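Read-outs: derived from the displayed coordinates by stated rules, not from any lab. The model shown is predicted, which means the values in this text are computed figures rather than measured ones. With ideal geometry, Cβ positions are generated from the backbone for all residues, glycine too; neighbour counts draw on all protein chains shown.
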Amino acid sequence: MGLFGFFKKRRAEKTMTYGGTTFQAPEPISNEEYQHKRQKEIDFLERKYDLSTVEGIMAIPVPKRKEQPTRGIPSVTGKIEYYLMIKGGQYEKDGQVELALACYRKANQLMPMSSTIYSYESYVRLPRYLRKLRRFEEARIEEAEIDALFGEKKHQVIEEQGWLERRNRKLFFDMRELGTDLVEATYIRCCCAECAQYRERVYSLSGQDRRFPKLPDALLYGNHDCGILLFPFIDGVSSMQTRDGKDLHGQRIIKYSNRPFIDDRTPDELRDMEEIRQKQTDDAIRERSRTDYNWLWEFMPELCPKSFSAYRRMQKAQTENFKKIVIEAKKHGRNIE
Ligand SMILES: [Zn+2]
């Protein structure tokens with residue numbers, strides 16, 4: 001969310017820097033060009049690997065080290081692990097069980113080594129399919145591995161370990177290079193009450209420059225994912241653009257940075273934040289339903305609907321059949337909501 005907002009803001013400049021890497025904004029291409037590019041990527045991967053046999057798929061080597069980020073925006077669709085997921089989906093649809101499983105398995109081995117960060121949802125294709133096949137023990141083994149990889153961050157991207165330390169080291173290094181003690185904290189639209197107070201100000205890192213507030217520890221070491229970015233700020237050179245598009249210079253930056261530290265989120269901003277929270281709650285409910293559904297699928301197959309989406313529909317509508325499932329599950333000691 002923070003990254004997206006930032007990207008949008010800088011879009012006019014065609015490049016952006018994030019986490020020390022400069023990205024070039026892609027030139028817009030037509031759908032035809034896009035399809036052509038995709039087909040070339042697919043042809044290349046199909047030539048390079050044998051994806052028609054389980055042995056061929058399992059023989060795809062897994063890099064020992066994590067892939068270094070490429071310069072520019074890498075083509076995710078051209079990556080073998082990404083293509084394996086698509087291929088697995090096709091095999092699954094065609095009822096080619098072992099080929100589909102091999103694709104998902106190999107993709108799960110490759111994803112942690114990729115410079116692309118894949119979501120939890122990408123990894124769980126494998127155990128979900130195993131459950132569909134009623135291969136519960138195998139599914140549980142895969143789920144345990146994925147859970148170990150993600151920990152509590154199931155619905156977030158895996159955050160690289162030590163990300164904050166690395167960001168800070170780079171920030172301090174850049175500040176030293178530029179000979180400045182000042183830091184600009186960016187404006188972000190969707191954030192918590194704490195970040196709302198801290199956003200969009202210039203701070204003194206050491207606290208020795210009394211004209212500016214001291215940079216709060218929460219911004220340096222806090223683990224919010226609200227997304228405030230920190231940049232070196234050069235007194236007398238840098239200007240500051242406020243959320244309403246005003247360019248501030250000199251004394252006005254000092255005054256603005258010292259405005260009261262309050263949660264100044266507007267009704268619009270609060271509503272957006274509320275929507276994000278709601279989405280997180282919905283995701284949590286969905287996750288809970290998924291576990292319930294998996295339980296039904298394993299232990300009460302005679303009552304379980306054929307697909308998760310069908311289950312979700314009856315759950316949302318609270319149909320008579322759904323209520324029956326709840327009662328039956330309770331008899332087996334399982335509370336379903
Ligand atoms: Zn926050």
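Odds and ends about this structure:
- Per residue, the chain reaches -16000 deg cm²/dmol at 222 nm when only DSSP H runs of four or more residues are counted, each adding -39500 (n - 2.57).
- S257, S239, S30 arranged by Cβ crowding within 10 Å, fewest neighbours leading: S30, S239, S257
- Between T281, N294, Q68, the Cα set farthest toward the positive side of the dipole of the chain (charges on each charged residue's Cβ, about the Cα centre) is that of T281.
- Rounded to 0.05, the FRET efficiency of the N335 and S30 pair, given R0 = 45 Å and the Cβ-Cβ distance, is 0.25.
- Gained length - Q280 relative to Q241, 0.36 nm times residue gap less alpha-carbon distance: 10.9 nm
- The length gained by stretching the chain between R211 and D94 to full extension, at 0.36 nm per residue less their Cα-Cα distance, is 35.3 nm.
- Computed over the chain with a Gaussian network model linking Cα atoms closer than 10 Å, the most mobile of N168, N31, N321 is N31.
- Over 19 Å between alpha carbons, listed pairs K87/K306; K93/K132; K40/K87; K48/K79: K87/K306
- In degrees, nearest ten, helix 267-299 long axis to first principal axis of the chain (Cα): 20 degrees
- Of the GluC sites (Glu not before Pro) in region 236-334, the ones in a loop by DSSP (not H, G, I, E or B) with at most 16 other beta carbons within 10 Å are E302.
- Approximate spin-label separation S309-R140, in nm, with each point projected 7 Å along Cα-to-Cβ: 3.0 nm
- Gain in span if fully extended, E55 to F172, counting 0.36 nm per residue against the direct Cα distance: 37.2 nm
- Near L248, the amide H atoms lying under 5 Å from its own belong to M240, Q241, T242; only residues 5 or more places off or on other chains count, and H is placed 1.01 Å from N.
- C-alpha long axis of helix 308-317 to longest principal axis of the chain, angle in °: 70 degrees
- Cysteines having no other Cys beta carbon under 4.7 Å from their own, within the chain: C103, C190, C192, C304
- The angle separating the long axis of helix 31-48 from the principal Cα axis of greatest extent in the chain is about 60 degrees.
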